[in-house]
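The next block holds one structure in the form of structure tokens; read it before the comments.
The values are calculated or read from the model by the stated rules, or taken from the named source; none is laboratory data. Fair warning: this is a prediction, and the values are worked out from it, not measured in the lab. Here the Cβ positions follow ideal geometry from the backbone for every residue, glycine too, while neighbour counts run over all protein chains shown. For the accessible areas, the whole protein counts, side chains as well, though only heavy atoms, and no ligand, DNA or RNA atoms are used. Shrake-Rupley method; radii C 1.70, N 1.55, O 1.52, S 1.80 Å.
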Amino acid sequence: MELPFGYSVDLEEPLGAGSYGHVYRGTGPSGPVAIKLMPLDESFEREASILSALQGPYVVRLERAFEHSH
């Protein structure tokens, strides 16, 4: 999947789904990644803002957030 700013990821198998999107295993330029695909609405901006502020050993680190239509 080609994303903005020359960032590219390969989507692999699904890891799970919830009320706000689907999560897939993938491979990005720096190695393994989790990719969450969700509708582009106010929940996208809210989740990106919250995840970018959280840190800890058991918290998934938000590396990038893109608005992308496929």
query = For region 29-46, how many residues meet the condition of being more than 22 Å from Ser8 (Cα to Cα) and open to solvent by less than 90 Å² (accessible area, probe 1.4 Å)?
reply = 2
inquiry  = I'd like the full set of residues that are open to solvent by less than 90 Å² (accessible area, probe 1.4 Å) and among the hydrophobic types (A, V, I, L, M, F, W, C), limited to region 12-28.
reply    = Ala17, Val23
query = Do we find a residue being of a type outside the set (S, T, N, Q), loosely packed, with under 10 Cβ neighbours inside 10 Å and at pLDDT below 85 anywhere in region 47-60?
reply = yes
ask   = Of the residues that sit in region 10-29 and are touching an Asp or Glu at 6+ places or on another chain (Cβ under 8 Å) and either at pLDDT 90 or above or small (Gly, Ala, Ser) (or both), which one is nearest to Glu63 (Cα to Cα)?
value = Gly28
